[in-house]
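K.L.:
Would you mind keeping the following structure in view while I ask a few things?
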Amino acid sequence: PKDDSDTADELPVKKSIGGGGVVVEHYNSRPEVGVIQRQDSPIIGLKNFNNWVKSVLISKFAHPALAASSVRSQRNKGRVLDLGCGKGGDITKWSKAKICDYVGADIAAVSVEQAQERWEFSRNASRIQASFASYDFCTQNLDEVFPSDVLAKPFDVVSSQFCIHYAFEKEETARRLLRNVTNWLRPGGRFIGTIPNAEQLLENLQKLPPDSQDLSFGNSIYNVRFESREHTGVFGHKYWFFLQDAVEDVPEYLVHWDDFVSLAAEYHLHPLYKEEFHDVFSEHRDHPEFGPLMVRMRVVDNNGETSMDEDQWDAASNVQFLPT
Ligand code: SAM
């Protein structure tokens, strides 16, 4: 990436997700704000950081799969499926990766429309072909919502950023997601994603006083509230998540890394790399490409000082990412 226009909107949508009877219209109802207004967000440092991490993820793990793609147009190469694309905040990143085709799907119809508008706005410059559909990766197969020509060629990369955890409500919903990934990914393709850090969340839960009825923790910008301390096994360990100016108390589900790896192996997905966001930061801050990108994306200033306050930095510790 050459500039700092990667100011994607991380905001999700509110409506029923899966069978849990939960609210997602929140994501749909959140207004799309322009780049300038977005800079006023009280968590702009954290949003920039998340976007920078996703850019690193794309450069390190998606680029090789795209470079090896057999699908090419005049100057561009490779096909990407973005599951849970939201308002299309990653389209700019994919356009910088010079892909040919982008297919975006999300359960929140309003967000999908906004993603499509974002693409239309940039299509002359980006030369990317794109298709969009509203789609529930927990209950639907991709070919139920996209015409066969959109799915005729397999994808080089499937990306699912900050949303895989919604599928971990039940075994069948998680399996549906993974089946969809594997069905449409070419052999040797890459699956990349970002999920909350279950270990860290459980560690925080365990730090609460044993007799406490209130199973919540957080700081001035985020709050996590568990309903139970009990382990529910691999699926359905629910908590409510609030993030200022982004997520209004939506239900999410823990994704335990080892369980995820075992389950994904059943779908021929094998881990290449997993890292916590803080470690991605420290590993790459002196990198010749990703260090300067951090400055351009306003994660740090010219003196290397982070634009996140302590609470935003703390909130970022709850996430990790996982190319497979
Ligand atoms: N991936 C985008 C990004 O990184 O900017 C959006 C992330 S947002 C935190 C989570 C997204 O997951 C929301 O847009 C939400 O609508 C979507 N989502 C949640 N459950 C979903 C489901 N079952 N099927 C498809 N999308 C879903």
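K.L.:
One-quarter of the Cα convex hull surface for the chain, in nm²?
P.N.:
15.6 nm²
K.L.:
Give, rounded to the nearest 20 debye, the magnitude of the charge dipole that the range 222-299 has about its Cα centre when Lys and Arg contribute +1 at Cβ and Asp and Glu contribute -1 at Cβ.
P.N.:
Around 180 debye, computed over the range 222-299.
K.L.:
Kirkwood hydrodynamic radius, the range 27-147, all distinct C-alpha pairs: what's the number in Å? Could you put the intermediate results ahead of the total?
P.N.:
Details: mean 1/r = 0.0658 Å⁻¹.
After inverting the mean inverse Cα-Cα distance, the result is 15.2 Å.
K.L.:
Once every Cα of the range 239-323 carries one equal point scatterer and solvent is ignored, give the base-10 log of I(q)/I(0) from the Debye formula at q = 0.20 Å⁻¹, two decimals.
P.N.:
Taken in order of the listed q values, log10 I(q)/I(0) reads -1.06.
K.L.:
Roll a 1.4 Å probe over the protein chains and send me the accessible area per residue for the chain in Å². Write out the running numbers ahead of the final one.
P.N.:
Working: 13760 Å² over 324 residues.
Normalised by residue count, the accessible surface of the chain is 42 Å².
K.L.:
Report the local net charge at Ser282: Lys and Arg +1, Asp and Glu -1, summed over other residues whose C-beta lies under 11 Å from its C-beta.
P.N.:
My count for the surroundings of Ser282 gives -4.
K.L.:
Let me ask something additional. Using amide H atoms built in the peptide plane, which far-off residues or other-chain residues are under 5 Å from Asp82 H to H?
P.N.:
Close amide H contacts, sequence-distant or interchain: Val103, Gly104, Ala105, Ser159.
K.L.:
I've got another one for you. Using 0.36 nm per residue of separation minus the Cα-Cα distance, give me the extension gain between Val295 and Gln213 in nm, one decimal. Before the final figure, lay out the partial values.
P.N.:
Numbers: separation 82, 0.36 × 82 = 29.52 nm, distance 4.33 nm.
That pair, Val295 and Gln213, stretches by 25.2 nm at full extension.
K.L.:
Please report the carbon-and-sulfur percent of the accessible area for the chain; probe 1.4 Å, protein heavy atoms only, DNA, RNA and ligands left out.
P.N.:
Answer for the chain is 48 percent, counting heavy atoms of protein chains only.
K.L.:
Equivalent-ellipsoid semi-axes (√(5λ), Cα gyration tensor) for the range 191-259, whole Å, largest first?
P.N.:
The three semi-axes for the range 191-259 are 19, 17, 10 Å.
K.L.:
Local charge sum around Arg179 (other residues, Cβ-Cβ under 15 Å, Lys/Arg +1, Asp/Glu -1)?
P.N.:
Numbers: positive: Lys170, Arg175, Arg176; negative: Asp136, Asp143, Glu144, Glu171, Glu172, Glu266.
Neighbour charge sum, excluding Arg179 itself: -3.
K.L.:
Evaluate the Debye formula for the range 107-174 with equal point scatterers sitting on the alpha carbons, no solvent, and hand back log10 of I(q)/I(0) at q = 0.18, 0.28 Å⁻¹, in q order, two decimals.
P.N.:
-0.88, -1.37
K.L.:
Might you report the magnitude of the Cβ-based charge dipole of the chain about its Cα centre, with Lys and Arg at +1 and Asp and Glu at -1, to the nearest 20 debye?
P.N.:
With Lys and Arg at +1 and Asp and Glu at -1, about 1540 debye.
K.L.:
Counting DSSP beta bridges in the chain, what percent are antiparallel, to the nearest 5?
P.N.:
Antiparallel bridges: around 50 percent, rounded to the nearest 5.
K.L.:
Compute the FRET efficiency between Ser317 and Glu144 as 1/(1 + (r/R0)^6), taking r as their Cβ-Cβ distance and R0 = 35 Å, and round to the nearest 0.05.
P.N.:
With R0 = 35 Å, the Cβ-Cβ based efficiency is 0.40.
K.L.:
What net charge is computed for the residues neighbouring Ala105, neighbours being all others with C-beta under 10 Å from the C-beta of Ala105, Lys and Arg scored +1, Asp and Glu -1?
P.N.:
Numbers: positive: none; negative: Asp82, Asp106, Asp136.
Its environment carries a net charge of -3.
K.L.:
I'd like the Karplus ³J(HN,Hα) series for the range 130-139: coefficients 6.51, -1.76, 1.60, θ = phi - 60°, whole numbers in Hz, and an x wherever there's a Gly or Pro.
P.N.:
9, 9, 9, 7, 8, 7, 9, 6, 7, 10
K.L.:
Then there is this: How big is the Cα convex hull of the range 133-252 in projection, averaged over all directions, in nm²?
P.N.:
In nm², the orientation-averaged hull projection of the range 133-252 is 8.9.
K.L.:
Next up: Name the residue from Ala115, Val261, Leu243 whose Cα lies farthest towards the positive end of the charge dipole of the chain, charges +1 on Cβ of Lys and Arg and -1 on Cβ of Asp and Glu.
P.N.:
Selected residue: Ala115.
K.L.:
Take the alpha carbon atoms of the range 55-124, find their radius of gyration, then divide it by 2.2 N^0.38 Å using N residues; give the quotient.
P.N.:
Numbers: Rg = 12.0 Å, N = 70, 2.2 N^0.38 = 11.1 Å.
My calculation over the Cα atoms of the range 55-124 gives 1.09.
The values are calculated or read from the model by the stated rules, or taken from the named source; none is laboratory data. This is a predicted model, so every value here is computed, not measured. When we count neighbours, we look across all protein chains shown, and the Cβ atoms used for this are built from the backbone with ideal geometry, even at glycine. Calculation scope for accessible area: heavy atoms of the full protein, side chains included, ligands and nucleic acids excluded. Shrake-Rupley method; radii C 1.70, N 1.55, O 1.52, S 1.80 Å.
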